[in-house]
Amino acid sequence: MSSGRRMPSRLPLQKKKITIRDAKLSDAPALAALMCELGYETTTAEMRSRLKSILADARHRTFVADTDDRVCGMIATLTHASHEHNDCSGKIIALVVSNKQRPTGIGRALIAAAEQDFAKRKVTHVSLTTRFTREVAHQFYEALGYSKTGFRFAKILRPRQKNACDGAPKEIGAPASRIFLTPRNKDLESGTWNRAAPLTKRAYRTRSR
């Protein structure tokens, strides 16, 4: 038997507004926290030092995603010349969304912003790297049109100095830099690109990211 009372209707879930903007030096604390979530322990001072160099380099772009006036994600890109193509190539260096904001479309919004910026720079070939273990990330990139094309090899170089006695170099100090090699697969060697899309996308699998 009905009581005649109406149940209150449920209000639709309100999606949070996502704002994508250029990163600023003042974003260093938030970006350091995001790097830690990605697995790279970073202090605010370290991130501030990195940002000073990155923001001063026109080849680099860093976009952040804001929700409720708080940084909840970031994407970093690099545009560079290459020996392989006449036009510039683009690389997505880092992409991370706060664990508390997944999945809300922030990652897709950041990728879209990066691709729009690449298009403005006349970039047609885009690549990125991701760890073998990040299977969810692999599915995410593939859903956006990126494909697996090869492996990335990494090596840490250490500074060397000559031995005063015999002139033989020896290793000293901490790691100086990293070298990344990305051998192509047969499709890329033959020059086969997906020219139907405005951007040709490549994803390199790696153990170190």
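The values are calculated or read from the model by the stated rules, or taken from the named source; none is laboratory data. This structure is a prediction, so every number in the text was calculated from the model and none was measured. Positions of Cβ are generated from backbone atoms using ideal geometry, with glycine treated the same way; all protein chains shown enter the neighbour counts.
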Selection status of ARG70, over 16 Å from the mean Cα position of the chain (by Cα) and within 22 Å of THR19 (Cβ to Cβ): yes
Members of region 27-48 that are more than 20 Å from GLN101 (Cβ to Cβ) and either exposed (fewer than 12 other Cβ atoms within 10 Å of the Cβ) or modelled with pLDDT under 95 (or both): GLU41, ALA45
Flag if PHE132 is touching a strand residue (DSSP E or B) at 6+ places or on another chain (Cβ under 7 Å), hydrophobic (A, V, I, L, M, F, W, C) and either in the same structural domain as ASP57 (by TED's automatic domain parsing) or touching a residue at least 60 places away in the same chain (Cβ under 8 Å) (or both): yes
Strands (runs of 3 or more DSSP E) fully within region 121-200 counting 3 or more residues that are at pLDDT 50 or above and either more than 18 Å from LYS91 (Cα to Cα) or basic (Lys, Arg) (or both): 153-157, 160-162, 169-171
Selected residue (only one of ALA109, ALA119 is among the hydrophobic types (A, V, I, L, M, F, W, C), surrounded by fewer than 22 Cβ atoms within 10 Å (Cβ to Cβ), in contact (Cβ under 8 Å) with a residue 40 or more places away in the chain and over 19 Å from ALA143 (Cα atoms)): ALA119
